[in-house]
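K.L.:
Structure incoming, see below.
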Amino acid sequence: ILGFSTPPGRLSMMAFILNALTCALGLLYFIRRGKQCLDFTVTVHFFHLLGCWIYNSRFPWALPWWLVQVVCTALMAAIGEYLCMRIELREIPLSSAPKSNV
């Protein structure tokens with residue numbers, strides 16, 4: 001069903017790409033570590049591969065499916081790592097004023 005030639009194929013591919021973007025936000029909220037984004041992204045896509053293999057009772061050999069998966073993996077990892085690194089690289093607020101608990 002994936003392909004550029006039919007409207008349902010284009011819609012399916014856009015759904016995969018939007019899913020990668022929302023999963024990148026999930027990496028930001030659940031993982032919060034830039035170094036671990038690629039690991040979790042590959043793990044999620046590996047489980048997706050296993051789920052597709054079990055559901056269809058055969059290994060996915062279609063080239064468009066693999067291309068979409070590679071693009072979605074790259075998008076999810078890159079955007080997730082970018083978002084996590086922005087959080088990690090924030091300045092730590094330091095107060096020079098002494099604390100008084102009077």
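K.L.:
What do you reckon, is Glu88 within 22 Å of Thr22 (Cα to Cα) and over 17 Å from the mean Cα position of the chain (by Cα)? Walk me through it before giving the result.
P.N.:
Numbers: within 22 Å of Thr22 (Cα to Cα): yes; over 17 Å from the mean Cα position of the chain (by Cα): yes.
Against the criterion (within 22 Å of Thr22 (Cα to Cα) and over 17 Å from the mean Cα position of the chain (by Cα)), Glu88 qualifies.
K.L.:
Could you tell me whether Ser57 is modelled with pLDDT under 90 and among the polar types (S, T, N, Q)?
P.N.:
On the way: modelled with pLDDT under 90: no; among the polar types (S, T, N, Q): yes.
Considered against the rule, which asks whether it is modelled with pLDDT under 90 and among the polar types (S, T, N, Q), Ser57 comes out as no.
K.L.:
Note down all Cβ pairs under 7 Å where the first residue falls in the stretch 1-29 and is open to solvent by less than 30 Å² (accessible area, probe 1.4 Å), the second is of a type in the set (Gly, Ala, Ser) and part of a helix (DSSP H, G or I), and they're at least six residues apart or on different chains.
P.N.:
Between residues of the stretch 1-29 that are open to solvent by less than 30 Å² (accessible area, probe 1.4 Å) and residues that are of a type in the set (Gly, Ala, Ser) and part of a helix (DSSP H, G or I), the close pairs are Gly3/Gly9; Ala24/Gly80; Leu27/Gly80; Leu28/Gly80.
K.L.:
For the stretch 30-55, how many residues are surrounded by 14 or more Cβ atoms within 10 Å (Cβ to Cβ) and part of a loop (DSSP other than H, G, I, E, B)? Quick ask: steps written out before the conclusion?
P.N.:
Taking the stretch 30-55 and keeping what is surrounded by 14 or more Cβ atoms within 10 Å (Cβ to Cβ), we get 31, 33-34, 36-38, 40-41, 44-45, 48-49, 52.
Then keep just the ones that are part of a loop (DSSP other than H, G, I, E, B); that gives 31, 33.
Within the stretch 30-55, residues that are surrounded by 14 or more Cβ atoms within 10 Å (Cβ to Cβ) and part of a loop (DSSP other than H, G, I, E, B) number 2.
K.L.:
Something else about it: With respect to Arg86, determine if the residue is surrounded by 11 or more Cβ atoms within 10 Å (Cβ to Cβ) and at positive phi. Don't jump to the end; show me each part of the working.
P.N.:
Values: surrounded by 11 or more Cβ atoms within 10 Å (Cβ to Cβ): yes; at positive phi: no.
So Arg86 fails the test.
The rows are residues; the columns are (1) of a type outside the set (Gly, Ala, Ser); (2) exposed (fewer than 10 other Cβ atoms within 10 Å of the Cβ); (3) at pLDDT below 95.
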{"site": "Ala62", "(1), (2), (3)": "no, no, yes"}
{"site": "Trp65", "(1), (2), (3)": "yes, no, yes"}
{"site": "Val68", "(1), (2), (3)": "yes, no, yes"}
{"site": "Thr73", "(1), (2), (3)": "yes, no, no"}
{"site": "Pro98", "(1), (2), (3)": "yes, yes, yes"}
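The values are calculated or read from the model by the stated rules, or taken from the named source; none is laboratory data. What you see is a predicted model, and the numbers here were worked out from it, not measured in a lab. All Cβ positions, even for glycine, are placed from backbone atoms using ideal geometry, and neighbour counts span all protein chains on display. Side chains included, ligands, DNA and RNA excluded: accessible areas come from the protein's heavy atoms. Shrake-Rupley method; radii C 1.70, N 1.55, O 1.52, S 1.80 Å.
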